[in-house]
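The values are calculated or read from the model by the stated rules, or taken from the named source; none is laboratory data. All of these numbers come straight from a predicted model, not from anything done at the bench. Note that each Cβ is placed from the backbone with ideal geometry, even for glycine, and that neighbours are counted across all protein chains shown.
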Amino acid sequence: MGIVGGSAELNTGARIPLIGLGTAAITQNEEEIIAAVTAALQVGYRHFDTARLYRSEHALGKALNSAFQSGLVSREDVFVTTKLKNTEHDDPVAAIKDSLMNMQLEYVDLFLIHWPIKLRAEIPLAPVKEEDFLPLDIKSTWQAMEQCMEMGLTKAIGVSNFSSKKIEDLLNYAKIPPAVDQVEMHPQWQQKKLRDYCNKHSIHVSAWSPLGAPNTPWGSNEVIDNPLILEIAQKHGKTRAQVILRWGIEQGVSVLPKSYNTGRITENFQIFDWSLTPDDHDMISKLEQRKLLRGDNFVNSTTSPYKTVEELWDGEI
Ligand code: A2P
């Protein structure tokens, strides 16, 4: 069985399915993650996004391997992404090998540098202590990412939470250009400048928290509760989440909604047999912009490479 729904071509020639299940672990309950991944596979999802930070790799791998064994899908049918932790820039090869062991896979489809930040220790979402920042050398990290690809441990490499300027710097020395930049993107943070830059350089954009992460500590309900989204949803007889996700794929990005609820996992996949109108796009394009996860935990005036959030995003905030 091939990719269900749409897909985009990466600069490696591989195809990335336009909808993927995000697995940032709101829950740490393995059984819940396995149930969500299994439900998603049954509905038709063929793209799964994890990260070493999320601690969902093991459960994701278990669910995928059961699906391979039962014949529901084969390895070639699914696209699996994981990401290097901020504490692992010194040895991406060891990190990806550990991920592959966690997931019982021979390769991933995409391996990303999670953040342009190098740390000694990290508690997710908590302010990083001054003494935990380490000098960042993206060039050497990227060279090791390239090695991961050359070793066949991943089919593609990329970045996450990189501004256009950081990608531009990377392209100056990259032997293998990044295939993907995975960033926060939704109708209230549309990333137009970054997407134009990435389009010009054949870099695919993936959207994390495409719904604005309702009911999470880092997100907000304001995207899904936006009155314009509700109005468009009512007009099409769709849900607000479906409008937001459809908007994302019509912008040419892949969207990675997270859900541990079978009904919502199913709902989020039903976005391929209808479309938004040019008018809908026009109205959404005028929404006020506000980034939800600004990265304040990664800046300080002493040890971080970034003194302010403006520096972290090179002004794209
Ligand atoms: P749940 O797991 O209870 O479905 P994002 O992908 O933007 O980060 O958002 C993730 C959050 O959105 C999760 O809290 C998830 O909760 C919720 N969510 C996912 N799909 C939907 C949907 N279709 N409608 C409303 N909330 C959703």
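Residues that are in a loop (DSSP other than H, G, I, E, B), β-branched (Val, Ile, Thr) and touching a helix residue (DSSP H, G or I) at 6+ places or on another chain (Cβ under 6 Å) within region 190-238 comprise just one, Ile224. Has region 267-278 got at least one residue that is loosely packed, with under 14 Cβ neighbours inside 10 Å and touching a residue at least 40 places away in the same chain (Cβ under 8 Å)? No.
Taking the condition farther than 30 Å from Leu230 by Cα and not β-branched (Val, Ile, Thr), does Glu184 pass? When the stated conditions are applied, Glu184 does not pass them.
For region 78-100, filtering for residues that are in contact with a Gly (Cβ under 9 Å, 6 or more places away or on another chain) and surrounded by fewer than 17 Cβ atoms within 10 Å (Cβ to Cβ) leaves 0. In region 218-251, the qualifying residues are those that are under 15 Å from the mean Cα position of the chain (by Cα) and modelled with pLDDT of 95 or more, and the one that is surrounded by the fewest Cβ atoms within 10 Å (Cβ to Cβ) is Ile249. Of Lys139, Lys118, all but one fail to be farther than 28 Å from Ser7 by Cα, in contact with a Pro (Cβ under 9 Å, 6 or more places away or on another chain) and basic (Lys, Arg); the exception is Lys118.
Of the strands (runs of 3 or more DSSP E) lying entirely inside region 2-80, those containing at least 3 residues that are within 14 Å of the ligand (Cβ to nearest atom) span 47-49. If you go through region 296-303 one residue at a time, do you hit one that is farther than 28 Å from Asn86 by Cβ, in contact with a helix residue (DSSP H, G or I) (Cβ under 9 Å, 6 or more places away or on another chain) and either outside any helix (DSSP H, G or I) or within 14 Å of the ligand (Cβ to nearest atom) (or both)? Within region 296-303, none of the residues are farther than 28 Å from Asn86 by Cβ, in contact with a helix residue (DSSP H, G or I) (Cβ under 9 Å, 6 or more places away or on another chain) and either outside any helix (DSSP H, G or I) or within 14 Å of the ligand (Cβ to nearest atom) (or both). None of Lys139, Lys166 is of a type in the set (Lys, Arg), buried (at least 18 other Cβ atoms within 10 Å of the Cβ) and either under 22 Å from the mean Cα position of the chain (by Cα) or over 12 Å from Pro92 (Cβ atoms) (or both) except Lys166.
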